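These notes are about the structure you will find just below.
The values are calculated or read from the model by the stated rules, or taken from the named source; none is laboratory data. Keep in mind that this is a model prediction, so the values were computed, not measured. Glycine gets a Cβ as well: all are built from the backbone with ideal geometry, and neighbour counts include every protein chain shown.
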Amino acid sequence: MRLRDFRIWGLAPAWGIMALTLILPIGIVVLVSLATRGAYGGFDWGLSFDSYAKILFEEDWDGNLAFTPQYLAIIGRTLWLASLTTLICAALALPAAYTIAQAPGRWKPVLIYLVTLPFWVSMIVRVYAWIIILGNDGVIEKTLRGLGLVTDIDSLLFTDGAMLAGLVYSYIPLMILPVFASIEKLDGSLIEASHDLYGSRWVTARRVILPLTLPGVMAGAVLVFVPCLGAVLEPILLGGGKTMLMGNLIQTQFGGGRNWPFGAAIAVTLMVLVMIFLMLNALRARKGGADV
Amino acid sequence: MSDVKRYPGARIFTALFFVWLYAPILVVIAYSFNENRLASVWTGFSWRWYDSALQNRALLDAVKISLTVASVATVIATTVALMAALVLVRGRDVRLRRVSETVVNLPLLLPEIVLAVAVLILFSQIGLQNGMAKLIIAHTAFCIPFAFLPIRARLQGMEPDFEEAAQDLYATPWVAFRRVTLPLIAPGVFAGAMLAFVISMDDFITSNMLNSGGSTTLPVYIFGLIKQGTTPELNAISTLIVLGSLVLATTALILTFRTPSRG
């Protein structure tokens, strides 16, 4: 065995697996999105943009295409909820990570351990917990009733708010860790300098701490935003499947052989949205890097 | 003068943050001891739902399938990731280094639902029927980056001096790797394997997409139960899973930090 050859065959298994299970299949997904729906489920190969047209238009009774906003609304809601989740995660993670970073040395690893621990707990269990909290006769409703504040409330479950709560709760550890890493690198003397120059705590937070920890926040934003765009569990279990996101829209198209080409077209759209986001982020990072 | 680095209310905020982080899990655990059949009506303390959970055949089958898939996927993914990390960190004049790094991390760059759809269509096109084989292939693919990142971090934090010294002493590359490099990066390899295992055990989206009779994993089985409604038995199962995760996470942490890390 020669070391020189190792640099070829050492990478071969990784390339092989990714090519066969990801790169090639994603190519097939693109082809399927251009196929037509088969008569008995599945699909027939072909070259048609019907599935993409279906995202925007609906065929009415005399064969004319009429604009329909229902799928655009789903895409919009997905982008909106994923952005909101990312923002809330950042807003919660920054002060929490900052406080943890200031904790005495021997407490710090314990606190970081406590922050990461929920992430090791199965995702489905963590989403399920919110059903017990928000559901009919759930913890929140019972508490409010016990305090005599309400007699009966509309279900908190199956709302956009419930999905948001579940998404933030699911992905917050992915935001905290990178934010913590960049706060740890923060030079404390810069905060003192800002104070010496009569910067208030709030001004220091906004003009000194936030810009310096932005790389961590952006790294966390990628880790939170991308999986949020494809969330499936939260819309089904907390959104009740009534208000769809792109994730469960794709899922339902493939369940029971409903409309594979349309599901593939939504999946390709999702993939394109993620690529646009990652490219914008890479561009921003490069520009930011040149400034410093 | 008060410390300018401290913010008023930050500690209370962080305390509340931790309460919020743990309260939902604690609620599930508390409700699992409810004696009543209706999950939301508390009538008394009882272990009975743990009894019924541990005698639930379908649950135990799902656990067995999840453990099998996760174990096989972890071993393959960690081996592949270790080889890739050795080449990409240590290899000299490796062609396509940047592209290769991206390819290894590809599953992290896409929402999982896209990958799930991709493998579903692939398996239907090549006519692969075996449910377990489908799960193992798909899980191996998305576990590779999770195994890769900790191994790469460990290798990057380690100077190549020791390996070079071993080679100066006429160790073959294989001996140098087995006797010098591997023991030094063992914590990273272990952390990577642990992460891959947890990611596989936890996976819902892909496993649900590939679900067929005889290959229902634990999260997919639980998902089915949740859709039927909240029950105390479901709470007991969830509590057992939480317990399992805590043991796993703590073991991982202790083993990773027991070996003093260098650099």
Flag for A:Glu184 being in contact (Cβ under 8 Å) with a residue 24 or more places away in the chain and surrounded by fewer than 16 Cβ atoms within 10 Å (Cβ to Cβ): yes
If you scan region A:189-198, which residues turn out to be at the interface with another protein chain (Cβ under 9 Å from one of its Cβ atoms) and of a type outside the set (D, E, K, R)? A:Ile191, A:Ser194, A:His195
Would you check if B:Ala193 is over 19 Å from B:Asn130 (Cα atoms), touching a helix residue (DSSP H, G or I) at 6+ places or on another chain (Cβ under 6 Å), surrounded by fewer than 20 Cβ atoms within 10 Å (Cβ to Cβ) and more than 11 Å from every other protein chain (Cβ to nearest Cβ)? no
Kindly provide the set of residues from region A:80-102 that are surrounded by fewer than 17 Cβ atoms within 10 Å (Cβ to Cβ) and either in contact with a Leu (Cβ under 9 Å, 6 or more places away or on another chain) or more than 14 Å from chain B (Cβ to nearest Cβ) (or both), ordered by number. A:Trp80, A:Ser83, A:Leu84, A:Leu87
Whether any residue in region B:200-209 is in contact with a Cys (Cβ under 7 Å, 6 or more places away or on another chain), at pLDDT 90 or above and part of a helix (DSSP H, G or I) is what I want to check. yes
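Matching residues to (1) assigned to a helix (DSSP H, G or I); (2) surrounded by 14 or more Cβ atoms within 10 Å (Cβ to Cβ); (3) touching a residue at least 40 places away in the same chain (Cβ under 8 Å); (4) within 14 Å of chain A (Cβ to nearest Cβ):
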position	(1), (2), (3), (4)
B:Tyr7	no, yes, no, yes
B:Ala15	yes, no, no, yes
B:Ile25	yes, yes, yes, yes
B:Leu59	yes, yes, yes, yes
B:Lys64	yes, no, no, no
Number of positions in region B:166-179 that are away from every other protein chain (no Cβ under 14 Å) and in a helix (DSSP H, G or I): 2
What about B:Asn130, is it farther than 22 Å from B:Val198 by Cα, of a type outside the set (Val, Ile, Thr) and crowded, with 21+ Cβ neighbours inside 10 Å? no
May I ask you to list the residues in region B:88-107 that are at the interface with chain A (Cβ under 10 Å from one of its Cβ atoms), surrounded by fewer than 21 Cβ atoms within 10 Å (Cβ to Cβ), closer than 20 Å to B:Pro173 by Cβ and not small (Gly, Ala, Ser)? B:Arg90, B:Arg92, B:Asp93, B:Val94, B:Arg95, B:Arg97
Restricting the first residue to region B:213-227 and requiring it to be more than 9 Å from chain A (Cβ to nearest Cβ) and part of a loop (DSSP other than H, G, I, E, B), which pairs with a second residue that is of a type outside the set (A, V, I, L, M, F, W, C) and buried (at least 21 other Cβ atoms within 10 Å of the Cβ) meet a Cβ separation below 7 Å and a spacing of at least six or different chains? B:Thr217/B:Ser66; B:Thr217/B:Ser207
Any residue at all in region A:95-107 that's of a type outside the set (Lys, Arg) and closer than 30 Å to B:Tyr31 by Cα? yes
Could you grab me the full set of residues in region A:132-188 that are small (Gly, Ala, Ser), at the interface with another protein chain (Cβ under 10 Å from one of its Cβ atoms) and more than 26 Å from the chain's Cα centre (by Cα)? A:Gly138, A:Gly188
Answer residue from region A:229-251, given it is aliphatic (A, V, I, L, M) and within 17 Å of A:Met271 (Cα to Cα) and is surrounded by the fewest Cβ atoms within 10 Å (Cβ to Cβ) among those: A:Leu249
From B:Ser245, B:Ser215, B:Ser207, B:Ser238, which residue is of a type in the set (Ser, Thr, Tyr) and touching a Pro at 6+ places or on another chain (Cβ under 8 Å)? B:Ser207
For region A:196-203, indicate whether the set of residues that are in contact with a Ser or Thr (Cβ under 8 Å, 6 or more places away or on another chain), farther than 30 Å from B:Pro111 by Cβ and in a helix (DSSP H, G or I) is non-empty. yes
Filter region B:27-43 down to the residues that are at the interface with chain A (Cβ under 9 Å from one of its Cβ atoms) and among the hydrophobic types (A, V, I, L, M, F, W, C), then identify the one that is surrounded by the fewest Cβ atoms within 10 Å (Cβ to Cβ). B:Val41
So which residues in region A:203-243 are over 30 Å from A:Ile133 (Cα atoms) and facing chain B (nearest Cβ under 9 Å), if there are any at all? A:Thr204, A:Ala205
How many of the residues making up region A:239-250 are closer than 16 Å to B:Pro219 by Cβ and either touching a residue at least 60 places away in the same chain (Cβ under 8 Å) or hydrophobic (A, V, I, L, M, F, W, C) (or both)? 1
For region A:19-29, which positions are crowded, with 16+ Cβ neighbours inside 10 Å and over 11 Å from B:Leu115 (Cα atoms)? A:Ile28
Hey, among the residues in region A:187-208 that are of a type in the set (Ser, Thr, Tyr) and on the phi < 0 side of the Ramachandran plot, which one's surrounded by the fewest Cβ atoms within 10 Å (Cβ to Cβ)? A:Ser189
Subset of region B:228-238 (residues that are buried (at least 20 other Cβ atoms within 10 Å of the Cβ) and either at pLDDT 95 or above or in a loop (DSSP other than H, G, I, E, B) (or both)): B:Thr230
Out of region A:252-280, which residues are free of Cβ contacts under 8 Å to residues at least 40 places away in the same chain and either crowded, with 24+ Cβ neighbours inside 10 Å or under 15 Å from A:Ser170 (Cβ atoms) (or both)? A:Gly263
Confirm whether A:Ile153 is in contact (Cβ under 8 Å) with a residue 12 or more places away in the chain, in contact with a Lys or Arg (Cβ under 9 Å, 6 or more places away or on another chain) and β-branched (Val, Ile, Thr). yes
The residue that is farthest from the chain's Cα centre (by Cα), considering only those in region B:108-128 that are more than 7 Å from every other protein chain (Cβ to nearest Cβ) and aliphatic (A, V, I, L, M), is B:Ile126
